[in-house]
Amino acid sequence: MKSPQSSPKSKTTLLENEKEEVQEPPMFSTTKIKCKKLAFIPLVFLIYFQISGGPYNTESTVGSGGPFFAILGFLLFPIIWCIPEALVTAELATAFPGNGGFVIWTHQAFGPFWGFLIGFWKFLSAVINLSSYPVLCIDYIDPMLPTLSHLPHYFLISLSTLLLSVLNFIGLPTVGYAAIFLGILSYLPFVVISLFAIPKIDPSKWVFSGQNRKKKIGHFLEGVKNPPKTLPKAFLSAGLLTFLTSLIPLLAATGAMSLDLDDWVDGYYTVVAEKIVGKRFKKWVRAGAFLSSIGVYQSQLSSCSHQLLGMAELGLLPRLFGARSKWFDTPWVGIFISAVISNLVSYMKFRHVTSLVNVLFSLSMLVEFSAFLWLRVKIPDLQRPFRVPVTRLRGLIAMLFIPFGILVYVTCVGTKVVYLVIAVLTVFGIIWYHCMKIFQA
């Protein structure tokens, strides 16, 4: 049997059945877009900001269980989650390159309805999460610019969202090179902290487990150079970069600081900087956190806009959602819609935002991992430029067993309000999908 392959005219094709016949989806653009390609290093930093953006807001991991379990978590998490996810994403992204990403993969595995639904869930998860970063930017920089406190809070959020969105209109390569600049600058404070902490480090503090606490408490694949070779290396490089940039400051800070775990909450690295380096350096950590938030926002906004572009190309959204700028060839409608929704969501309480993002993301990842497994069964002979080096299905299930367990757990610990909101949004999405089918008929 001949392996199904992508159409020469388009970035992706959708298999409507298991026969050799390959059909283009409705409204799929076959126009070849000329755009500047994203090089390897900018791609690594974009993925880095998609994953974390640095060690900011990881301090609560120490406060929750002590340095020992925090360090153990950073050592084990890449093995049980990051590596399996990177391998799955690399295989699927190189087998089905295109802006639709996981939408295309799921569409191929389970059909257009599930392709739309995972796209809908992931877009909501990403754009809701996006809303927190303009708020964080303001929180980080407000103490350094007291004049901002006199302006209305929601006006500042809207202004911050607008300013942070401008860069995405210029183009993906620009965002990628900006990510390099932001990544390096935002991490420099932790290089200084780690160096100053070396003489003060007591390794025995790393094994403290916290028993004595006082209290109980590929979306933009179109713009990537040579995806089959670049993507697997970029995913693994970004994962390693995230691992090292988070673990090194954690080892330095916990080894050099006192271990009153009630103090270890998000934002505590500013106190660490003040005590280890000096009072003035506290501002540099705040500035670094501000730059990191900008980087995460830029990367995730680019992902959201290219996802809408991909879904429009697949006929799952109206053509308008895939409109491109005449000057920069960027998906300006997708950028605009993502920025507006994130701005509206920023009015929600942060606790509700976090819970919604976690459950939506977990639901979509459960579908994505299932699509990966089913595609190995449904299309075993599909040309996969990068292939996870596990041939048997039971081996792949074993590889994803712990990630599946984590996702199921996160999905099950949501509140009633979160489940209600997700149910309402999902019903709206299903109605939208069927309306699209009616109008396309």
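The values are calculated or read from the model by the stated rules, or taken from the named source; none is laboratory data. As the structure is a prediction and not an experimental result, all values here were calculated from the model. Here the Cβ is made from the backbone with ideal geometry for all residues, glycine too, and neighbour counts use every protein chain on show. Only protein heavy atoms, including side chains, enter the accessible area calculation; ligands, DNA and RNA are left aside. Shrake-Rupley method; radii C 1.70, N 1.55, O 1.52, S 1.80 Å.
Checked against the criteria, Val418 counts as open to solvent by less than 20 Å² (accessible area, probe 1.4 Å) and either assigned to a helix (DSSP H, G or I) or of a type outside the set (A, V, I, L, M) (or both).
Quick one: how many residues across the range 411-441 are farther than 20 Å from Pro318 by Cβ and small (Gly, Ala, Ser)? Selection size over the range 411-441: 2. If only one of Ala287, Ala312 is touching a Leu at 6+ places or on another chain (Cβ under 9 Å), modelled with pLDDT of 80 or more and either farther than 28 Å from Phe196 by Cα or crowded, with 22+ Cβ neighbours inside 10 Å (or both), which one is it? Of the residues listed, the single one that is touching a Leu at 6+ places or on another chain (Cβ under 9 Å), modelled with pLDDT of 80 or more and either farther than 28 Å from Phe196 by Cα or crowded, with 22+ Cβ neighbours inside 10 Å (or both) is Ala312.
Matching residues to (1) open to solvent by 70 Å² or more (accessible area, probe 1.4 Å); (2) of a type in the set (A, V, I, L, M, F, W, C); (3) at pLDDT below 80; (4) touching a Leu at 6+ places or on another chain (Cβ under 9 Å):
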| position | (1), (2), (3), (4) |
| --- | --- |
| Glu24 | yes, no, yes, yes |
| Ile51 | yes, yes, no, yes |
| Gly63 | no, no, no, yes |
| Val88 | no, yes, no, yes |
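Name the residues in the range 354-406 that are of a type outside the set (Gly, Ala, Ser), open to solvent by less than 30 Å² (accessible area, probe 1.4 Å) and within 22 Å of Val427 (Cβ to Cβ), would you? Once the filter is applied, which keeps residues that are of a type outside the set (Gly, Ala, Ser), open to solvent by less than 30 Å² (accessible area, probe 1.4 Å) and within 22 Å of Val427 (Cβ to Cβ), the range 354-406 yields Leu356, Val357, Val359, Leu360, Met365, Val367, Glu368.
Taking the condition in contact with a Pro (Cβ under 9 Å, 6 or more places away or on another chain), of a type outside the set (Asp, Glu), at pLDDT below 85 and more than 25 Å from Asn129 (Cβ to Cβ), does Leu38 pass? So Leu38 does not fit the description; no. Pairs needed: first member in the range 224-250, open to solvent by 50 Å² or more (accessible area, probe 1.4 Å) and part of a helix (DSSP H, G or I); second member anywhere, modelled with pLDDT of 85 or more and small (Gly, Ala, Ser); C-beta distance under 6 Å; at least 6 residues apart or different chains. Matching pairs, first to second residue: Leu236/Ala86; Ile248/Ser194. Filtering the range 168-184 to residues that are out of contact with any Ser or Thr (no Cβ under 9 Å at 6 or more places or on another chain) and open to solvent by 60 Å² or more (accessible area, probe 1.4 Å) leaves Tyr177, Phe181, Ile184. Across the range 96-120, the number of residues qualifying as in a helix (DSSP H, G or I) and surrounded by 23 or more Cβ atoms within 10 Å (Cβ to Cβ) comes to 13.
From the list Ile335, Ile294, the lone residue that is open to solvent by 10 Å² or more (accessible area, probe 1.4 Å) and either touching a helix residue (DSSP H, G or I) at 6+ places or on another chain (Cβ under 8 Å) or within 28 Å of Ile406 (Cα to Cα) (or both) is Ile294. On inspection, Thr30 fails the criterion of being within 26 Å of the chain's Cα centre (by Cα) and modelled with pLDDT under 85. The single condition among (1) at pLDDT 85 or above; (2) surrounded by fewer than 17 Cβ atoms within 10 Å (Cβ to Cβ); (3) of a type in the set (A, V, I, L, M) that Ala197 does not satisfy is (2).
Among the residues of the range 95-110, those that are touching a Ser or Thr at 6+ places or on another chain (Cβ under 7 Å) and either among the charged types (D, E, K, R) or more than 17 Å from Pro232 (Cα to Cα) (or both) comprise Gly100, Ile104.
Take the conditions hydrophobic (A, V, I, L, M, F, W, C) and more than 12 Å from Ser362 (Cα to Cα) and apply them to Ile402. Does it pass? In short, yes.
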